[in-house]
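Here is the structure we will look at, set down as C-alpha coordinates.
The values are calculated or read from the model by the stated rules, or taken from the named source; none is laboratory data. Not measured: the values here are computed from a predicted model. Cβ: placed from backbone, ideal geometry, glycine included. Neighbour counts: every protein chain shown. Just so you know, the surface numbers come from the protein's heavy atoms only, side chains and all, with ligands and any DNA or RNA stripped out. Shrake-Rupley method; radii C 1.70, N 1.55, O 1.52, S 1.80 Å.
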Amino acid sequence: MCRNIRPLHNFAPPATEEEVRDAALQFVRKVSGFAKPSQANAEAFERAVETIAEATMRMLDDYVTAAPPKDREVEAAKARARSADRYAA
(Lines give C-alpha, C1' and ligand atoms only; values in the text may rest on other atoms or scores of the structure.)
Protein backbone atom coordinates (compact mmCIF):
# COMPACT_ATOMS: atom_id res chain seq x y z
CA MET A 1 0.00 0.00 0.00
CA CYS A 2 1.20 3.50 -0.72
CA ARG A 3 2.66 5.04 2.43
CA ASN A 4 0.94 8.36 1.73
CA ILE A 5 -2.54 6.87 1.94
CA ARG A 6 -3.69 7.05 5.55
CA PRO A 7 -6.57 5.23 7.26
CA LEU A 8 -9.63 7.48 7.21
CA HIS A 9 -12.21 5.36 9.03
CA ASN A 10 -13.38 5.96 12.61
CA PHE A 11 -11.70 9.26 13.42
CA ALA A 12 -13.04 12.19 15.40
CA PRO A 13 -13.62 14.47 13.60
CA PRO A 14 -14.48 12.36 10.54
CA ALA A 15 -12.37 12.47 7.40
CA THR A 16 -12.94 15.53 5.26
CA GLU A 17 -13.68 15.53 1.56
CA GLU A 18 -10.21 16.97 1.00
CA GLU A 19 -8.56 14.07 2.86
CA VAL A 20 -10.61 11.56 0.88
CA ARG A 21 -9.72 13.27 -2.41
CA ASP A 22 -6.03 13.34 -1.46
CA ALA A 23 -6.12 9.59 -0.75
CA ALA A 24 -7.92 8.98 -4.07
CA LEU A 25 -5.31 11.06 -5.89
CA GLN A 26 -2.47 9.05 -4.31
CA PHE A 27 -4.21 5.80 -5.24
CA VAL A 28 -4.71 6.84 -8.87
CA ARG A 29 -1.12 8.09 -9.09
CA LYS A 30 0.15 4.77 -7.77
CA VAL A 31 -2.01 2.63 -10.04
CA SER A 32 -1.46 4.72 -13.18
CA GLY A 33 2.24 5.36 -12.64
CA PHE A 34 1.70 9.08 -13.35
CA ALA A 35 2.42 11.81 -10.83
CA LYS A 36 0.93 14.20 -13.38
CA PRO A 37 -0.72 12.78 -16.48
CA SER A 38 -0.20 14.11 -19.99
CA GLN A 39 -2.85 16.43 -21.44
CA ALA A 40 -4.20 13.48 -23.43
CA ASN A 41 -4.80 11.52 -20.20
CA ALA A 42 -5.72 14.37 -17.84
CA GLU A 43 -9.48 13.97 -18.20
CA ALA A 44 -9.41 10.21 -17.58
CA PHE A 45 -7.05 10.73 -14.63
CA GLU A 46 -9.33 13.34 -12.99
CA ARG A 47 -12.40 11.21 -13.65
CA ALA A 48 -10.68 8.28 -11.93
CA VAL A 49 -9.77 10.45 -8.92
CA GLU A 50 -13.36 11.68 -8.59
CA THR A 51 -14.79 8.15 -8.96
CA ILE A 52 -12.44 6.75 -6.31
CA ALA A 53 -13.16 9.67 -3.97
CA GLU A 54 -16.94 9.19 -4.32
CA ALA A 55 -16.65 5.46 -3.70
CA THR A 56 -14.44 6.08 -0.67
CA MET A 57 -16.89 8.59 0.85
CA ARG A 58 -19.76 6.13 0.32
CA MET A 59 -17.75 3.36 1.94
CA LEU A 60 -16.80 5.51 4.96
CA ASP A 61 -20.41 6.66 5.34
CA ASP A 62 -21.68 3.07 5.23
CA TYR A 63 -19.19 1.55 7.65
CA VAL A 64 -20.47 0.72 11.13
CA THR A 65 -18.27 0.20 14.17
CA ALA A 66 -18.72 -0.26 17.90
CA ALA A 67 -15.19 1.00 18.60
CA PRO A 68 -14.81 4.52 19.92
CA PRO A 69 -13.46 7.02 17.37
CA LYS A 70 -9.70 7.50 17.32
CA ASP A 71 -8.26 10.89 18.19
CA ARG A 72 -6.32 12.39 15.29
CA GLU A 73 -3.71 14.03 17.51
CA VAL A 74 -3.02 10.82 19.45
CA GLU A 75 -2.67 8.83 16.23
CA ALA A 76 -0.37 11.48 14.73
CA ALA A 77 1.83 11.35 17.84
CA LYS A 78 2.03 7.56 17.55
CA ALA A 79 3.03 7.88 13.89
CA ARG A 80 5.73 10.42 14.74
CA ALA A 81 7.09 8.09 17.44
CA ARG A 82 7.17 5.15 15.01
CA SER A 83 8.93 7.33 12.46
CA ALA A 84 11.51 8.50 15.00
CA ASP A 85 12.22 4.87 15.95
CA ARG A 86 12.45 3.80 12.32
CA TYR A 87 14.82 6.58 11.26
CA ALA A 88 16.90 6.87 14.45
CA ALA A 89 20.59 6.97 13.70
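For residue 66, the criteria (1) over 14 Å from residue 8 (Cα atoms); (2) within 17 Å of the chain's Cα centre (by Cα); (3) not charged (D, E, K, R) hold in every case but one, which is (2). Residue pairs whose Cβ atoms lie under 6 Å apart, sitting 6 or more positions apart in sequence or on different chains, and linking a residue in region 20-42 that is of a type in the set (S, T, N, Q) to a partner that is at pLDDT below 95 and open to solvent by 70 Å² or more (accessible area, probe 1.4 Å), are 26/4.
The set of residues from region 49-86 being of a type in the set (Gly, Ala, Ser) and without any contact (Cβ under 8 Å) to a residue 12 or more places away in the chain comprises 55, 66, 76, 77, 79, 81, 83, 84. If we scan region 40-58, do we find a residue that is within 22 Å of residue 70 (Cα to Cα), of a type outside the set (Lys, Arg) and in contact with a strand residue (DSSP E or B) (Cβ under 6 Å, 6 or more places away or on another chain)? Checked region 40-58: no residue is within 22 Å of residue 70 (Cα to Cα), of a type outside the set (Lys, Arg) and in contact with a strand residue (DSSP E or B) (Cβ under 6 Å, 6 or more places away or on another chain). Among the criteria (1) closer than 14 Å to residue 7 by Cα; (2) modelled with pLDDT of 95 or more, the one residue 58 does not fulfil is (1).
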